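Comments concern the structure below.
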Amino acid sequence: MSEKRIGILGAGSWATALVKILSNNAPHINWWTRKQETIDHIKKYRHNPNYLSDIELPVEKITFYSQLKEIIANSDILLIAVPSAFMSESFKGLTKDDFKGKMIFSLIKGTLPDKKMMVSQYFHKHFEVQLNSFGMIAGPCHAEEVAMEKLSYLTVGCSNKTEAEKMAKLLTCRYIKACTSNDMQGIEYTAALKNIYAVASGICHGLGGYGDNFQAVLVANAIQEIKRFIDVAYPMDRDTNLSAYLGDLLVTAYSQFSRNRMLGSMIGKGYSVKYAQMEMNMVAEGYYAVKTIHTLNQEYKVEMPICDAVHRILYEKMSPSVEMRLLAERLA
């Protein structure tokens, strides 16, 4: 695995955290970011000026790229940490030949809003990437805690067991424990869904009338919604009480670092959706995911009252207080 060339696509929090993690085991890393000024700053000052700026980056181990096509050509394994809302634009102009023979791992915890599909589906449909050449890396793991080297856990979901185990070994270090799963699609859906429920959790917090007791009921019902949905979308034998499902949901719903919870909290306090997004200056994937899941569920017809309530608040301008009051009557 050490001979494989690793390319990290993206320059946000997760991409920066990945560079830190992988630098423990990988002899060299390729890193793509759109902005040349970001590259110049990192080379000079050894930290990302925009995200996790406390991390000292091993620039002597990194080859930087500002052209996406170039880093893809010079990498065997691609780790994608681009916000889902920018995926289509970022990969415009690339063809299936660019991804031939590549192993791809996604760290995108969302859906493509313009395509109404998951990231794995996008790569399969547009670039003919087969599912055994695609994997998902999920939490529970916030990039901010990786920066502080607090013990964190990752799950590598991939049908290709050999590649999954190699990636898990690469990610494992003093402060990261990584395991594998063959449920790539279930983990990918969960990574998007849990952001929706974190928005719901934040809305309840922002409204102020819901305490820890209700939050516990909300999350307990959320994991049931996740299971119902992924069991229909991709049926297989799975335990959603494992950390890649329930654990990731819990940390995203409760953590101070959760941008989706933050978005929901601001909306609960009376901010408009657009103003909250502007104030955050970060991408909250749950905003896009709820629209995609709502569209997909018109076919699947899974009972998802929490997801439906979040969709009505974010896209139909329904009152957060009214929606949460009605939702509370349905939960048990």
Do you know which residues across region 156-186 are of a type outside the set (A, V, I, L, M), touching a residue at least 60 places away in the same chain (Cβ under 8 Å), closer than 25 Å to residue 24 by Cα and in a helix (DSSP H, G or I)? 163, 166, 169
Could we say that residue 234 is without any contact (Cβ under 8 Å) to a residue 60 or more places away in the chain, in contact with a helix residue (DSSP H, G or I) (Cβ under 6 Å, 6 or more places away or on another chain) and not assigned by TED's automatic domain parsing to the domain that holds residue 116 here? yes
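Quick one: would you say residue 109 is assigned to a loop (DSSP other than H, G, I, E, B) and either touching a strand residue (DSSP E or B) at 6+ places or on another chain (Cβ under 8 Å) or in the same structural domain as residue 284 (by TED's automatic domain parsing) (or both)?
Numbers: assigned to a loop (DSSP other than H, G, I, E, B): yes; either touching a strand residue (DSSP E or B) at 6+ places or on another chain (Cβ under 8 Å) or in the same structural domain as residue 284 (by TED's automatic domain parsing) (or both): yes.
Answer is yes for this residue.
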Could you grab the pairs with beta carbons closer than 6 Å, sequence gap of 6+ or different chains, first residue in region 298-320 and assigned by TED's automatic domain parsing to the domain that holds residue 276, second one loosely packed, with under 13 Cβ neighbours inside 10 Å? 305/330
Could you check region 187-289 for helices (runs of 4 or more DSSP H) lying wholly inside it with 3 or more residues that are buried (at least 22 other Cβ atoms within 10 Å of the Cβ) and either at negative phi or in contact with a Cys (Cβ under 6 Å, 6 or more places away or on another chain) (or both)? 212-233, 248-254, 259-268
Give me a count of the residues in region 79-103 that are surrounded by fewer than 22 Cβ atoms within 10 Å (Cβ to Cβ) and under 22 Å from residue 20 (Cβ atoms). 1
Tabulated pairs, region 321-332, first more than 16 Å from residue 264 (Cβ to Cβ), second among the aromatic types (Phe, Trp, Tyr) and surrounded by 12 or more Cβ atoms within 10 Å (Cβ to Cβ), C-beta under 9 angstrom, 6+ apart or interchain: 331/214
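The values are calculated or read from the model by the stated rules, or taken from the named source; none is laboratory data. Note that the coordinates shown come from a computational prediction; the quantities given were computed from them, not determined experimentally. No Cβ is skipped: glycine too gets one built from the backbone with ideal geometry, and neighbour counts run over all protein chains shown.
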